[in-house]
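The values are calculated or read from the model by the stated rules, or taken from the named source; none is laboratory data. No experiment lies behind these values; they were computed from the predicted model shown. Don't worry about glycine lacking a Cβ; one is built from the backbone with ideal geometry, like all the others, and counts go over all protein chains shown.
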Amino acid sequence: MSKITYELTIKGLPYAISKERQEDPEFKRNILLALFPECAESQAIVIAEKKFGQKFYPMPYNWKGWDIISEDKSIKIEVKQTSVMGTSSDLSINATWSKKDLCTHIMIFDFFNPTISISIIPHDEFFASKFHGNAKLWRWNSDYKEKTYSTRYGWNKKENVVLFLKHKFEE
């Protein structure tokens, strides 16, 4: 995936936002954080069509189980994204465990790092991987190094890095 660059301009709102506010880096970051989920789902269709060689369609908002589906209905992909650190060294995604046995793949967008990384992990491999805590967060190291960690939860995040990289989408 090519390196992302963006320029944020805000137009067409019912009230003007001051130029100073628009140029504030924190303000821009907050706007982008709000837009990343929509960007991921829109781009997911393009990526899935390239990877699987067929047409994909979005599901209605808040659909239970997956976000996009193939034309032949055989591929159902749940789309997740992260743009902030979950811990001091890890990225994480949430709300995936409820998708178990409903989708065929999990597509993960890493919007945190300067170069976007995307992984499309098959259902069985994803749900056989390591999850964290009662919320069942799926974590991996933000630097993508295959380090071994010993935590109080007794698992290492290396396996999730390996799984993410194994299924990383390359154009």
Any hit, the stretch 119-130, residues being touching a strand residue (DSSP E or B) at 6+ places or on another chain (Cβ under 7 Å), closer than 24 Å to R29 by Cα and surrounded by 12 or more Cβ atoms within 10 Å (Cβ to Cβ): yes
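For (1) β-branched (V, I, T); (2) out of contact with any Leu (no Cβ under 8 Å at 6 or more places or on another chain); (3) in contact (Cβ under 8 Å) with a residue 12 or more places away in the chain, each residue gets a yes or a no:
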{"residue": "L102", "(1), (2), (3)": "no, yes, yes"}
{"residue": "F112", "(1), (2), (3)": "no, no, yes"}
{"residue": "I120", "(1), (2), (3)": "yes, yes, yes"}
{"residue": "E125", "(1), (2), (3)": "no, no, yes"}
{"residue": "A128", "(1), (2), (3)": "no, yes, no"}
Close pairs (6 angstrom Cβ cut-off, 6 or more residues apart or separate chains): closer than 15 Å to S92 by Cα in the stretch 131-157, modelled with pLDDT under 85 and loosely packed, with under 12 Cβ neighbours inside 10 Å anywhere: N156/T148
Filter result for F36 (at pLDDT below 90, closer than 24 Å to E170 by Cα and of a type in the set (A, V, I, L, M, F, W, C)): yes
Some residue of the stretch 123-130 being part of a loop (DSSP other than H, G, I, E, B) and modelled with pLDDT of 90 or more: yes
Filter result (touching a residue at least 12 places away in the same chain (Cβ under 8 Å), part of a helix (DSSP H, G or I) and surrounded by fewer than 20 Cβ atoms within 10 Å (Cβ to Cβ)) within the stretch 43-90: Q43, I45, K50, K51, F52
